[in-house]
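Notes to accompany the following structure.
The numbers here are math on the coordinates, done by the rules we state, and not lab data. Source: prediction; values computed, not measured. With ideal geometry, Cβ positions are generated from the backbone for all residues, glycine too; neighbour counts draw on all protein chains shown.
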Amino acid sequence: MKALAAYGSLFRIRFNSGIQYRAAALGGVATQFAWGFLNILLYMTFYRENPEAFPMSLASVVSYMWLRQAFLMLFETWRTEPQIMAAIQDGGVAYELARPMGIYGAWYTRILSSRISGMLLRAWPLLLVAFCLPAPWGMTLPVSLSAFGLFLLSLVLGTLCAAALVTLIHVLTLVTMQPQGVRMAFNSLAELLSGALIPLPFFPPVIARVLALTPFATTINAPLRIYSGDLAGAAAGQAIGLQAFWLVVMLALGHLLLRRALRRTVIQGG
């Protein structure tokens, strides 16, 4: 119970710190509006020629793009925690070892909290405007109440998976001591394989099915496609099951790699 209370306190401290950056959030919202419009305009250009040739309806793609922008802070893998990275490189990780909580749990809590606080500042104004826009620019409501419930469950699991993935980046940095290489590799894979750049259904069918099984697809792909109606019924259930599976795997892998790294860690100085 004491450990849970410590993690809860750490979450609140990091959350309260992140919620203070309102000016930066407003700037981010403006940028995300611009990117949302540009992405939708691009897809509308293609859909104008032959709407039936694409695997998702235009309305589904528009909702997907607005949700992608609204929840950008939850799923972006390129945004690591500067304090954690600095502690890894300058030896400050020794202070983490002295705290009455596990390092992995502390890192995961800080990463999760910062993402939630950043999302709460940016998501609601963007979604509010997106719902007020006329067709075909505006978002549509979910196809059903049950679909919305599955979307919320998948969004929570996707957020937990994204935090586990980013925590894994920090752990691998501790193992390799090469932050730029690890981040660039993960960012390139995540942008392409998660559905951040292109929704997975737009890939060739065989490739799309394979990509949907990767841990990267548990972040953006699953919840956004469930909301847009592209994943429904058994397919939505399978996507949520994969999210739960990969969450457990990434958490276990992160713990294992961190324990092994700490056995070889040497803190210099005195």
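Can you compute the modelled spin-label distance between Ala34 and Gln238, with each label point 7 Å from Cα toward Cβ, in nm?
4.1
Looking at region 46-103 from every direction and averaging, what is the projected area of its Cα convex hull in nm²? Spell out each step's value before the answer.
Values: hull surface 27.2 nm².
Projected area, direction-averaged: 6.8 nm².
Do the sum for the chain: with -39,500 (n - 2.57) for every DSSP H run of n ≥ 4, divided by all residues, what is the mean residue ellipticity at 222 nm, to the nearest 500 deg cm²/dmol? Don't jump to the answer; show the numbers that get you there.
Details: 12 runs with 198 residues, N = 270.
So the helix-based figure for the chain works out to -24500 deg cm²/dmol.
What FRET efficiency comes out for the pair Cys132/Phe46, r = Cβ-Cβ distance, R0 = 35 Å, nearest 0.05? Please report the intermediate quantities before stating the final value.
Working: r = 25 Å, r/R0 = 0.72.
Working from the Cβ atoms, E equals 0.90.
Along each principal axis of its Cα atoms, how long is region 129-270 end to end? Whole angstroms, biggest number first, please.
63, 32, 27
Given labels modelled 7 Å from the Cα in the Cβ direction, how far is it in nm from Met184 to Leu257?
About 1.8 nm, to one decimal.
If Lys and Arg each add +1 and Asp and Glu each add -1, what is the summed charge of the other residues whose beta carbon sits under 15 Å from the beta carbon of Ile220? All intermediate terms of the calculation are to be shown ahead of the outcome.
Details: positive: Arg68, Arg79, Arg115, Arg225; negative: Glu76, Glu191, Asp230.
Around Ile220, the surrounding residues sum to +1.
Report the FRET efficiency, 1/(1 + (r/R0)^6), for Met85 and Ile13, where r is their Cβ-Cβ distance and R0 is 30 Å, rounded to 0.05. Working shown, then result.
Working: r = 19 Å, r/R0 = 0.63.
About 0.95, to the nearest 0.05.
Choose one of Phe71, Ala59, Leu120: the residue whose Cα lies farthest towards the positive end of the charge dipole of region 11-138 (beta-carbon charges +1 Lys, Arg; -1 Asp, Glu; about the Cα centre).
The residue sitting most towards the positive pole is Leu120.
Please list, short to long, the whole-number percent of alpha-carbon pairs of region 43-175 in consecutive 10 angstrom bins beginning at zero.
Calculated P(r), rounded to whole percents: 11, 32, 27, 17, 10, 3, 0.
Just to be sure I follow: if Rg is taken over the C-alpha atoms of the chain and Rh is the Kirkwood radius over the same atoms, what is Rg/Rh?
Working: Rg = 19.6 Å, Rh = 19.7 Å.
The Rg/Rh ratio comes out at 1.00.
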